[in-house]
Every structure is written in structure tokens, then in C-alpha cells.
Amino acid sequence: MSNDGLSFYQNVERYVDAAAAHTKIPKGLIDQIKACNSVLQVRFPVKIGNEYRVIEAYRVQHSHHRVPTKGGIRYSNLVNQDEVMALASLMTYKCAIVDVPFGGAKGGIKINPKELTEMQLQRITRRYTAELIKKNFIGAAIDVPAPDMGTGAREMSWILDTYLAFEPANIDAYGCVTGKPVSQNGIRGREEATGRGVFYGIRQAMSHKEDMKAIGLTPGVEGKTVIVQGFGNVGFHSARIFEEEGAIITGISEWEGGLYNPDGIDIMDLKKYQKDKGTIREYPRAQWVEKGADLLEYECDILIPAAVENVINKENAPRIKAKIIGEAANGPITPNGDEILLKKGIMIIPDLYLNAGGVTVSYFEWLKNLSHVRFGRMDRRFTEYSYSKIVDLIEGRTEGKINKAERHELTRGADEIDLVRSGLEDTMIYAYEDIRKIWKRNKSIKDLRTAAFVLALGKVSDAYMAMGIFP
Ligand code: NAD
């Protein structure tokens, strides 16, 4: 994978500079917004087998214009300081776009989780958390990690447990990390949140008839062909929800190779196969594609990179045939690749908006932890009684009778998962319309990414201005 000569952090800076040119924000303030405020680099020893290994780890807090700061923790062999800085800065812009009141942060540990046992991963995670506590880089009011590539609810639960051991009297301690298992005060719907947000975002973009006409598509997701790169958390849930909503998933690409079936791949069936075999190789109901990255260049309506950065660059961008690229991953397209794709008339729905579903639902989880009550607990039954009375009244005054199933559907009060999905859907729809307005109203802004950065810069600069630091 080529980064086209620029580091990931430089790529993000380039996008910010391009957007800043469309604003009146003073240069000094743009420089402050771009800078990473605090960078923590730690090294610690962990015994693996009979050897001690020095583990390299990071936590970057990009912006304190709002606190706590927020962002996932990545476990990957490719983790480095530049990558964590880039991901932390994207978090700042992402939170601003979806009106989540956090500054951006990100963490990373340079390990390959696939090569380590569960015990070894647990030891590394707990030691990393202790380092964060020592340096005051974690806490519900300070900095709140979440899952990212290579981590999930299990790791978040180890982080929480370690934190609780150090902070037994802190009543808000559960808000120190999100993406926890539901049994550990997590929230229903967090695991699927990023993928579901990707779906809501692309569906909203596809609801605009004139925008779809411009790229040769009819509105709506149903019947459209989709190729997804990465079959982990974000890729799987994106593919699953697109399939549920009537799209045809023709390709799934992984690091080891890919699968293609023009009639559609059954996503739950493939997930089961991957779980049982530990691979997607030799899945019998699709053709095997030896080089997974080749699938990015296959014919499809929607391409969803949901794995790593820089996968579309100046080398392969000329061969991309998708009409829409939905950036579920962070930084999957280099700025040079981006330029080529825009010239080809491809619609790019940018990462800093499209994958914000994860942090949105993390925000709901944090609120739940601070309020110490499950969403829907206080009012669900009251709502059901009220709706029941209305239905009784209508039945009493009309000839019509409804059956039990209809009554249940009409009178059901919302529980936690309904409220989470509703809040997420609303957030993704409104944020898209905000970005689109900037894109459509300003003739010099040619793409959604620039418009999204303009929106984010406006919100972050307003917060700085309100502090009175800048004139
Ligand atoms: P994950 O670890 O659950 O899944 C990543 C998948 O991509 C794995 O199956 C891995 O094998 C595969 N992969 C790795 N390199 C690949 C390559 N070169 N080609 C094809 N597949 C490859 O990670 P995730 O949480 O799904 O994160 C994926 C992306 O989404 C990352 O860019 C992450 O920053 C971004 N993201 C994640 C979240 C979240 O809530 N988890 C939120 C926002 C953004």
C-alpha cells in the first residue's frame, strides 16, 4: 500500500489546509486547531513466553477545546506515533461534525493481536491502562478510550476493571471507557454502531435524487451492488445492514484475499464460516480472489473500505469503478488518490463524517454511565399505557378492531436499543444535511470532504473563540 509520499498525519493536515482556505478563520487559530495538544509515548516490558518484550504504546489527545477527549485504541503491528496523531485529529473533527461534546484522542499499541494469547493481551492491556492512569490520561472527565482496529468489548472490559482497582471510590468510574460489554455497563447497539452509522450516512446521501443523477445512479440503497474491504467489526456490520436493507453484497475483501459473487454473498453465513474456520478462504459460495485489494477495482455501485488507511492511492485510483466510496475506515484514500477519484466523478463520503456512528453511540454510553440509569427505564411502561389508552379509545369509537400483533406494534414503548438506533439515525441524517448544505451553497467547494472539514473547523473555532483566547 502506497502512502503517496505523505504520512497519514500530513494527509489530514493537507485536507484541513484545503478546507481552511474556504473559511475566514485566522491562521493562528487554524494552527492551534491542527496541533496535537498532548502526546504520550510509553514503553513497558511484558513477559511473553520465556522472554521479556518491550511494548511500544501511545495515547494522543489532539484537542482540549472540549473535554473529556475521546477516541479508540488500536492494536496493530503498524501502529506508530504519526498514525495515532492523525487518528486523534480526525476524532476532533468527527466529534464536532456530529455534535458530540468531546475533544479528539486516540491510542495505539504496536502489537499483532493475532500472534498473542488472550492472557498476554490481557497483561498488555492492563499494563497500558496503568500507564494511562499514572500519567492522568484516562478518566470519565479526562480522556475516554473505546475500541478500534484489533480491540473490542473484551479489551474495554479489562481497561475498566484495571481502572476500577485504582479508583474504587469514583462513582463515575464506569464512564472511563466506552464500548464495554453490556454486562459491564456498556450500551446496547455499540458494537454495530459504526457499521450502522455507515449505512445511515450512505442511505442519506443516496436519498438526494439530483446528486444520484449526477453520478448515474437512481436514489435508494435497494438493489445496489456493494463491495466491502475488511470483514471485522465495521466491515461486517456495514455489510450485514446493507444486505438487510436490500443491497447486494458482491465482494468481501480481507488481508488474506477476497470473495466475489455477482449474485450476492450471504453475510451471516460467511461470518459463521469465518468464526468456525478462522478464515474466509475456501468459502464455497463465492469465487476466491487471490489478491484482496483487487476487489477494490471491481465494478460496483458502492465501495466501502473498512480496514486500514491508504488503500486507495494514486496508483490504483484510476482503475476504481465504484460510483460511491463510503469511507468506513479512517484515511483509506490518500489526497492524491482523492483528487483522481473526484476528477472521475466518484462521490466520496468522507471518514470524518461517515464512521462517526461509533463515537456517537459511545457518547450515549458515557451519558448512561454518568446518569447511572438505562435509557428507556423510566418511561417505557408509561408510554405503553398511554398508547394503549389511545388505541382503546379509537377502538371504542370506531367499528375497527385490531389484532394482538398490531396492538403490540402500536403501543410498544421504546427500550434502550430503539433509542440508541433512533439517536444514531437522527445524528447521521442531520450531520449529512449540514455538510451537504455547505457543499451545495459554496460553488468553490467541490466535494463532501472539504465541506465536512469546513463544518468541523467552524464548530471547533467557535469553541476557541468563546474561550476568549483568540480575537
Ligand atoms: P477490526 O480489527 O474489527 O477489523 C478490521 C478488519 O480488516 C480485520 O478483519 C482485518 O483482518 C482486516 N484487514 C486488515 N488489513 C487489511 C487489508 N490490508 N485488506 C483487507 N482487510 C484488512 O477493526 P474495525 O474496528 O472494524 O476498524 C476498521 C476501520 O474502521 C479502521 O480504520 C478503524 O479506525 C475504523 N473505525 C472503527 C470504529 C469502531 O467503532 N470500531 C469506529 C470508527 C472508525
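A few comments on the model shown:
- Modelled FRET efficiency - R0 56 Å, Glu315 with Tyr387, Cβ distances, 0.05 increments: 0.45
- When Rg and Dmax are taken over the Cα atoms of the range 218-298, they come to 11.7, 39 Å.
- Checked against a 22 Å cut-off, the cross-linked pairs Lys272/Lys368; Lys135/Lys459; Lys94/Lys134; Lys114/Lys275; Lys70/Lys135; Lys24/Lys446 give Cα-Cα distances beyond that limit for Lys272/Lys368; Lys135/Lys459; Lys94/Lys134.
- For the range 100-117, the Karplus equation 6.51 cos²θ - 1.76 cosθ + 1.60, evaluated at θ = phi - 60°, returns couplings of 9, x, 10, x, x, 8, 7, x, x, 10, 7, 9, 9, x, 5, 8, 10, 7 Hz by residue, with Gly and Pro reported as x.
- Loop-resident GluC sites (Glu not before Pro) (DSSP state other than H, G, I, E or B) in the range 367-465 with no more than 13 further Cβ atoms inside 10 Å of their Cβ: Glu399.
- Gain in span if fully extended, Thr398 to His64, counting 0.36 nm per residue against the direct Cα distance: 114.3 nm
- Counting beta carbons within 10 Å around each of Val359, Val198 and listing the fewest first gives the order Val359, Val198.
- Relative to one another, the C-alpha centroids of the range 343-418 and the range 60-103 are positioned 29 Å apart.
- Across the range 13-21, computed HN-Hα scalar couplings (Karplus, 6.51 cos²θ - 1.76 cosθ + 1.60, θ = phi - 60°) run 4, 4, 5, 5, 4, 4, 6, 4, 4 Hz from first to last residue, x flagging Gly and Pro.
- Using R0 = 56 Å, the C-beta based FRET efficiency linking Gln10 and Ala414 works out to 0.80.
- Ranked Leu296, Leu217, criterion: other C-beta atoms within 10 Å, fewest first: Leu217, Leu296
- Put simply, when 180-188, 118-126, 155-163 are sorted by average Cβ atoms within 10 angstrom per residue, most first, you get 155-163, 180-188, 118-126.
- Projecting label points 7 angstrom from Cα along Cα→Cβ for Thr23 and Val39 puts them 2.2 nm apart.
- Segment Glu339..Asp31, full-extension length gain: 108.5 nm, with 0.36 nm per residue of separation and the alpha-carbon distance subtracted.
- Once the C-beta distance of His208 and Glu299 is scaled by a Förster radius of 30 Å, the resulting FRET efficiency is 0.85 to the nearest 0.05.
- Of all DSSP beta bridges in the chain, antiparallel share, percent nearest 5: 50 percent
- Per-residue extension of 0.36 nm, minus the Cα-Cα distance of Lys272 and Met378, leaves a gain of 34.4 nm for this segment.
- Evaluated at q = 0.06, 0.10, 0.12 Å⁻¹: base-10 log I(q)/I(0), Debye formula over Cα of the chain: -0.27, -0.76, -1.08
- Cβ-defined net charge surrounding Arg421, 10 Å radius [Lys, Arg +1; Asp, Glu -1]: -3
- Cα-based radius of gyration of the range 39-184 once divided by 2.2 N^0.38 Å, which approximates compact folds: 0.98
- Sequence of Tyr432, Tyr260, Tyr353 once ranked by neighbouring C-beta atoms within 10 Å, starting from the fewest: Tyr260, Tyr432, Tyr353
- Those residues of the range 1-41 whose amide nitrogen sits under 11 Å from the label point placed on Lys291, 7 Å along Cα→Cβ: 1
- Estimated 222 nm signal from helices in the chain, with DSSP H stretches of n ≥ 4 weighted -39500 (n - 2.57), rounded to 500: -14000 deg cm²/dmol
- Peptides 250-256, 374-380 ranked from most to least packed give 250-256, 374-380, packing being the mean of other C-beta atoms within 10 angstrom over each peptide's residues.
Bear in mind these aren't lab numbers, they're just calculated from the coordinates by the rules spelled out. Only a predicted model underlies this, so the values are computations on that prediction, with no experimental measurement involved. Positions of Cβ are backbone-derived with ideal geometry, glycine not excepted, and every protein chain shown enters the neighbour counts.
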